[in-house]
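J.: Before anything else, here's the structure in question.
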Amino acid sequence: MRSGLQKLVVLLVGSLALGTLHAAGEAWPTKPITFVVPFTPGGITDSTSRLLAKLLGAQLGQTVLVDNRPGAGGSIGVATAARQAPDGYTLIYGTQGTHGANLALYKNVGYDPVKDFVPVHALSETPLMLVTHPARPYKSVSELIAFAKANPGKVTFGSAGSGTGTHLTAELFQTAAGIKMTHIPYKGSSPALTDLMAGNIDVMFDYPAVMLPFIQAQKLKALAVTAKKRLTSAPDVPALSESGFSNAESTAWGAVFVPAKTPPEIVKRLGDEIAKAIVHPEMMQSTEKFGSVPLTGLRDEKLGAFVKSEMTRWREVVLQSGAKLD
């Protein structure tokens, strides 16, 4: 009888210990992981997230499923993901919009970028290109600024919509250059680019992967890239810093977050695996194709501090632009 009782005690202790190990994340992951991407399928964000899911799945030995939940500039998907269990089975794709500008653009995004998430690891950043119609008289950034100063409000710039990165980058550039242009918002990049190539608007900021084919076909003229240095995919296009406007540098960045209170052991393991994935040859090939740069080393507390700085930076830009989306 005593022997049977001892066995029962051993089994109970063993079960409790195993449960503790699971709770601490030692056995994580034991089931598929959901990667919430708060944007529609297609484009840079979706391509990057799906490739990351594939690489992480292979490294972790579990399927990573991409769950596209678009709406309100990414706020809907992020708010939903923030309310999921903090067990390491929900990953969140955050951007400079969802964790920066949206707080100033929307009255209520439904989450707090600092309190509701644990920062895990940044992925990559993608600069934008400033382009114009080839027939316009300005062939450089300095010539565009001189023209805009001589003709306040006459230069028109298109965007993929109010509050998008293509809009706010232009607002940042105007402030840095001390000029005033007229914003023409569109419902997406494609119609804006169509009007730009037709000569109906003057300039636009958009991503290299979108712009380069038209630049190479000489349908558009590139004036600058908003990166710290020139892109390997467009070595003839100067960086804004070369014209003295490093304060107008702007990139679309992506990073992985998890719900607040996710066990630190899981966060560390996930961060370590993402660090490997973003320098994987397949990922490097993809980031280069999009004109992006992997954000190695930007994780944990550093990523958290970066998010706070982005919140402050884009709040100021949004206030200056007067953009509101609800």
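The values are calculated or read from the model by the stated rules, or taken from the named source; none is laboratory data. Not measured: the values here are computed from a predicted model. With ideal geometry, Cβ positions are generated from the backbone for all residues, glycine too; neighbour counts draw on all protein chains shown. For accessibility, only protein heavy atoms count, side chains too; no ligands or nucleic acids. Shrake-Rupley method; radii C 1.70, N 1.55, O 1.52, S 1.80 Å.
J.: Given H placed on each backbone N at 1.01 Å, which residues far from T156 in sequence or on other chains put an amide H within less than 5 Å of it?
T.: Here the answer is T182, D202, V203, since their amide H atoms fall under 5 Å of that of T156.
J.: I've got another one for you. Output wanted: per-residue J couplings in Hz (rounded whole) for segment 286-291, from phi through Karplus 6.51 cos²θ - 1.76 cosθ + 1.60, θ = phi - 60°, x for Gly and Pro.
T.: Karplus-based 3J(HN,Hα) across segment 286-291 equals 5, 5, 5, 4, 8, x Hz.
J.: A further question on this structure: What does the charge dipole of segment 210-326 about its Cα centre add up to, to the nearest 20 debye, if the Cβ of each Lys and Arg holds +1 and the Cβ of each Asp and Glu holds -1?
T.: 140 debye
J.: Moving to a separate point now. With Cβ to Cβ distances under 12 Å as the rule, what net charge do the other residues near L193 carry (K, R +1; D, E -1)?
T.: -1
J.: How much of the DSSP bridge set in the chain is antiparallel, in percent, rounded to the nearest 5?
T.: Around 60 percent antiparallel, to the nearest 5.
J.: Among the listed pairs K139/K180; K187/K229; K154/K187, which have their C-alpha atoms separated by more than 26 angstrom in this model?
T.: Going by Cα-Cα distance, K187/K229 fall outside the 26 Å limit.
J.: What FRET efficiency comes out for the pair Q62/A198, r = Cβ-Cβ distance, R0 = 35 Å, nearest 0.05?
T.: Once rounded, the FRET efficiency stands at 0.10.
J.: In nm, what is the difference between 0.36 nm times the number of residues separating A135 and T40 and their Cα-Cα distance?
T.: Result for the pair: 30.7 nm of gain on full extension.
J.: Where Lys and Arg each count +1 and Asp and Glu each count -1, what net charge lies around L60 among other residues with Cβ under 13 Å from its Cβ?
T.: Here the charged neighbours net out to +2.
J.: Here's something else I'd like to know. Take the residue pairs K276/K302; K219/K289; K149/K219 and return only those whose Cα atoms are more than 23 Å apart.
T.: Flagged as over cut-off: K149/K219.
J.: While we're here: Would you please put 239-247, 95-103 in order of how densely packed they are, using the mean number of other Cβ atoms within 10 angstrom per residue and starting with the highest?
T.: 95-103, 239-247
J.: Angle check, please: helix 165-177 long axis (alpha carbons) against the longest principal axis of the chain (alpha carbons), in degrees 0 to 90, nearest 10.
T.: Taking Cα atoms only, the helix is inclined about 50 degrees.
J.: Once a ≥ b ≥ c are taken as the square roots of the eigenvalues of the Cα gyration tensor of segment 249-312, is the result rounded (a/c under 1.5), prolate (a/b larger than b/c) or oblate (a/b not larger than b/c)?
T.: oblate
J.: When the chain is modelled as a GNM with alpha-carbon springs shorter than 10 Å, which of D202, D67, D112 fluctuates the most?
T.: Top of the fluctuation ranking is D112.
J.: Right, something else. Given a 1.4 Å probe, how much area per residue of the chain is accessible, in Å²?
T.: For the chain, the per-residue accessible area is 46 Å².
J.: Send over the Kirkwood Rh of segment 220-326, from the inverse of the averaged 1/r over different Cα pairs, rounded to one decimal Å.
T.: Computed over Cα pairs of segment 220-326, the Kirkwood hydrodynamic radius comes out at 16.5 Å.
J.: Let me ask something additional. Between E143 and K268, take the C-beta separation as r, use R0 = 45 Å, and let me know the FRET efficiency to the nearest 0.05.
T.: Step by step, r from the Cβ atoms, then E = 0.35.
J.: Quickly work out the K289-to-K324 label distance, labels modelled 7 Å from Cα along the C-beta direction, and quote it in nm with one decimal.
T.: For K324 paired with K289, the spin-label model returns 4.2 nm.
J.: Over the chain, what is the relative contact order in whole percent, taking alpha-carbon pairs under 8 Å and six or more residues apart?
T.: This gives 27 percent for the chain.
J.: How large is the charge dipole for the chain, taken about the Cα centre, if only the Cβ atoms of Lys, Arg (+1) and Asp, Glu (-1) carry charge, to the nearest 20 debye?
T.: 220 debye
J.: Quote to one decimal, in nm, the extra length available between A27 and N247 on full extension: 0.36 nm per residue of separation minus the C-alpha distance between them.
T.: In short, 74.6 nm is gained.
J.: Using a 1.4 Å probe on the protein chains only, how many percent of the accessible area of the chain belongs to carbon and sulfur?
T.: Its accessible area is 58 percent carbon and sulfur atoms.
J.: Report for segment 130-279 the percent antiparallel among DSSP-assigned beta bridges with both residues inside it, nearest 5.
T.: Of the beta bridges lying entirely in segment 130-279, close to 50 percent run antiparallel.
J.: Sticking with this structure for a sec: Output the 0 to 90 degree angle, nearest 10, between the alpha-carbon long axis of helix 43-60 and the longest principal axis computed from the alpha carbons of the chain.
T.: That helix lies at roughly 20 degrees to the long axis.
J.: Can you give the calculated 222 nm mean residue ellipticity of the chain, where each DSSP H run of n ≥ 4 adds -39,500 (n - 2.57) and the sum is split over every residue, rounded to the nearest 500 deg cm²/dmol?
T.: Value at 222 nm, helices only, nearest 500: -13500 deg cm²/dmol.
J.: List the residues, sorted by chain then number, that are 5 or more residues from G254 or on another chain and whose placed amide H is less than 5 Å from its amide H.
T.: Amide H neighbours of G254: L123, S124.
J.: While we're looking at this one, here's another question. Can you find, among I179, G291, Q84, the residue sitting farthest towards the positive end of the charge dipole of the chain, where Lys and Arg contribute +1 and Asp and Glu -1 at Cβ?
T.: Sorting the options by dipole projection puts first Q84.
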